[in-house]
Amino acid sequence: MSRFTTGVTIITTRTPNGPAGMTASAVASLSLDPLMLLVCVGNTLATREAISGSGVFAVSVLAQGQDRTALRFASRCEDKFAGVGLRTELDLPVIEGAVAHFSCTVEQELAGGDHTIFIGEVVSCGYSVGSDPLVYFGGKFGSLCDLDSHARLAYDWQLSASL
């Protein structure tokens, strides 16, 4: 599965003890009418219990350059939210600077091996114009290839090699 390129997201929810969250790449669009998505959360993670208990979750699609945030939420550190900017105008914790975000109500929980599949109906969403997503492939973070930039670099390399 490491050879399958994915976007990088932070799944968050709220609990009586504060926000909970984790990094996830197993996120997918499920339906357009109604607008739904699914997220897969490991059964041993505290975020799984938190989403199940709250009945709501948010998905923040990380932007290029948010690698450290992805790593922080993938860790088991005490306070993943310390020092992380959050969008304060939204009901659920959403990572500041994310390319897109979705707030969902849990419509269904399904068993999926060592994960729980949460199907959520999107109640609100938004996106940032002009930002590129963070991607994950082969155990590394990366970005989408900008063809104009790539072509310019190739041209400059060939020019310098011929001189």
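The values are calculated or read from the model by the stated rules, or taken from the named source; none is laboratory data. Note that the structure is predicted; figures quoted are calculated from it, not measured. For neighbour counting, all protein chains shown are included, and Cβ atoms are generated from backbone atoms with ideal geometry for every residue, glycine included. Please note that ligands, DNA and RNA were not included when accessible areas were found on the heavy atoms of the full protein model with its side chains. Shrake-Rupley method; radii C 1.70, N 1.55, O 1.52, S 1.80 Å.
Just a few scattered comments:
- Test: residue in the range 10-22 that is among the polar types (S, T, N, Q), more than 29 Å from residue 144 (Cβ to Cβ) and part of a helix (DSSP H, G or I): no
- Long-range neighbours under 8 Å by Cβ, at least six apart or interchain, first residue free of Cβ contacts under 8 Å to residues at least 12 places away in the same chain within the range 97-114, second hydroxyl-bearing (Ser, Thr, Tyr): 110/116
- The residues of the range 1-22 that are surrounded by fewer than 20 Cβ atoms within 10 Å (Cβ to Cβ) and either of a type outside the set (A, V, I, L, M, F, W, C) or within 23 Å of residue 100 (Cα to Cα) (or both), listed by number, are 2, 3, 4, 5, 6, 7, 14, 15, 16, 17, 18, 19.
- The single condition from (1) open to solvent by 50 Å² or more (accessible area, probe 1.4 Å); (2) in a helix (DSSP H, G or I); (3) touching a Gly at 6+ places or on another chain (Cβ under 9 Å); (4) among the small types (Gly, Ala, Ser) that residue 53 fails is (3).
- Members of the range 26-43 that are in contact (Cβ under 8 Å) with a residue 60 or more places away in the chain and either among the hydrophobic types (A, V, I, L, M, F, W, C) or open to solvent by 60 Å² or more (accessible area, probe 1.4 Å) (or both): 26, 30, 35, 36, 37, 38, 39, 40, 41, 43
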